[in-house]
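Trainee: Got a structure for you, written out below as C-alpha cells; questions coming shortly.
Values in this text are rule-based calculations from the coordinates and carry no lab data. Model, not experiment: these values are computed from the prediction. Every residue, glycine as well, gets a Cβ built from its backbone with ideal geometry; the counts of neighbours run over all protein chains shown.
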Amino acid sequence: MKGKSFGEYTEDFYREHKDMLLRSYPGLAPRRLKQELESFCLHYQINVDDLFESRFIPTLNSPISRFFEYLKRGYPLEYIRLRSYFYKSEFFVTPDVLIPRDETEILVECTVSEMKEWIKKTDENLRICDIGTGSGAIVLSAVQEIQRPVNAIATDISKKALIVAKRNYYNLRFKILKESSVHFIQTDRLKDIDEKFHVIVSNPPYIMESIDRNQVHDQVDQYEPHLALYLNDETYFEWFEKLFAQAYDSLLEEGVFLMEGHEDHLQKLADIAKKIGFTNVEVKEDYTSRDRFLIARKKWIN
C-alpha cells in the first residue's frame, strides 16, 4: 500500500472485487465508482481537490474505509451515501425507506397530469394523498410541479419512514409553492383519514412474500425494508380490496386513484377495483413494457 495513490487503490479494489461488485451493482465501472466516492467524500466534508492523486493508507473506521467495507457487503450505494436522485430532486434515504426507482417516475408523471386536469375543473385548492409515502419522493415530486396551492397528506405505517419524509420536505420546501402544504400522518393506509381528495396515489408493498420473492434482487431483499416490500400471500388480495375501498370512499366525485403494483397481479387487482365501484380502470406499462401501474376513477364523465 505504501506510496499508492487513492486512484490506484480504488482501481485495484475494483479489479480484485469486480465479479462481486457487478453482481451487487450491475453496470458499475471504475469511473462511476470514483464519482460515487467523490460524492461520498463531499458529504463527509473530506477535501476532494486532487482526491485520486493523493496518497492513501486505509485507516480503521475512517469514512472512506467504511465505504469500501459497505461495497464488499453489497450494501446499496444509495444507503451508503444517504441520498438518491429521483424525478427532479435529490432525496435523503435510509434503510427505513425504499430506494426510489426510475419506473416510479411514471407514477409521478401520471399523478401530475391528473392534478393539472383538476386545475382546469376547479378553483379550489387541490387535495392529494400519498399512501405509504416512504421517503416522500412521490408526493414531494408531484406537489412541486403544481403552481396552484395543494394540500397534501402523506401516510405511512412506519414512524421511522415518516422521519425521513419530513426531512425531505424540509430540504425541498423551496421547490414547493409557499401556499401549499404537506402533512405526514402515521397510520395504516387511510385509517382514520376523514378528508376527501381529488387524487390519491400509492406505491404500496405489492410483492407476495412467498410466491414472488424469488424474483426480488438479493440486494433488495437483504437491505430494503420488508414492511414496504412484502405482503402475506394468503391475505394479499384482501389487503388490496381494503385499500381500494378506503381510497374509493376518500375520493371526491371524478377523483382518481393511481398505484404502482406487481406485473403478475395487476390485472386481477384491476378486477377488484371495478368490483369496489371504480370505473375506467386502466393498467399501464412501465419502461420495460411490463404491467406496472393501475389508474382507477371514482366516476368517469366523458
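Trainee: May I ask for the Kirkwood hydrodynamic radius of region 6-75, worked out over all distinct Cα pairs and given in angstroms to one decimal?
Mentor: Taking every pair of different Cα atoms in region 6-75, averaging 1/r and inverting gives 12.4 Å.
Trainee: May I pose another question? Provide Rg over Rh for region 104-297; use the alpha carbon set for both Rg and the Kirkwood Rh (inverse mean inverse pair distance).
Mentor: Result for region 104-297 is an Rg/Rh of 0.95.
Trainee: Same structure, new question: If one takes the longest principal axis of the Cα atoms in the chain, at what angle in degrees, from 0 to 90 and to the nearest 10, does the Cα axis of helix 104-121 lie?
Mentor: Around 40 degrees separate the two axes.
Trainee: In region 104-131, whose amide N lies under 15 Å from the spot 7 Å out along Cα-to-Cβ of Glu253? List them in ranges.
Mentor: Once the point is set 7 Å along Cα→Cβ of Glu253, 122 turn out to lie under 15 Å by backbone N, inside region 104-131.
Trainee: Run down the lysines and flag those whose C-alpha is under 21 Å from the C-alpha of Lys268, throwing out any fewer than 8 positions away in its chain.
Mentor: Lys242, Lys284, Lys298, Lys299
Trainee: Additional query: How many nm is it between the label spots at Arg23 and Lys121, if each spot is 7 Å from the Cα in line with the beta carbon?
Mentor: With each label placed 7 Å out from Cα toward Cβ, I get 5.1 nm.
Trainee: Still on this model: Helix 63-73 versus the longest principal axis of the chain: what is the Cα-based angle in degrees, 0 to 90, to the nearest 10?
Mentor: Tilt relative to the chain: about 70 degrees.
Trainee: Nearest 10 degrees is fine. How inclined is helix 6-16 to the longest principal axis of the chain, computing both from alpha carbons?
Mentor: Helix 6-16 and the main axis of the chain meet at about 70 degrees.
Trainee: Then there is this: Please list, in order along region 141-149, the HN-Hα scalar couplings obtained from phi with the Karplus expression 6.51 cos²θ - 1.76 cosθ + 1.60 (θ = phi - 60°), rounded to whole Hz, x for Gly and Pro.
Mentor: Per residue, the Karplus-derived 3J(HN,Hα) values read 5, 6, 5, 5, 8, 9, 9, 9, x Hz.
Trainee: Mind checking the full-extension length gain between Glu234 and Glu53? Use 0.36 nm per residue of separation minus the Cα-Cα distance, one decimal, nm.
Mentor: 59.5 nm
Trainee: How charged is the neighbourhood of Tyr287? Take every other residue with its Cβ under 12 Å from the Cβ of Tyr287, and add Lys/Arg as +1 and Asp/Glu as -1.
Mentor: Neighbourhood net charge equals -2.
Trainee: Please give the length that would be gained between Glu195 and Ser62 if that part of the chain were fully extended, namely 0.36 nm times their separation in residues minus their C-alpha to C-alpha distance (nm, one decimal).
Mentor: Computed gain between Glu195 and Ser62 is 43.0 nm.
Trainee: Given H placed 1.01 Å from N in the peptide plane, which residues other than close sequence neighbours of Val182 have an amide H under 5 Å from its amide H?
Mentor: Here Ala152 satisfy the definition.
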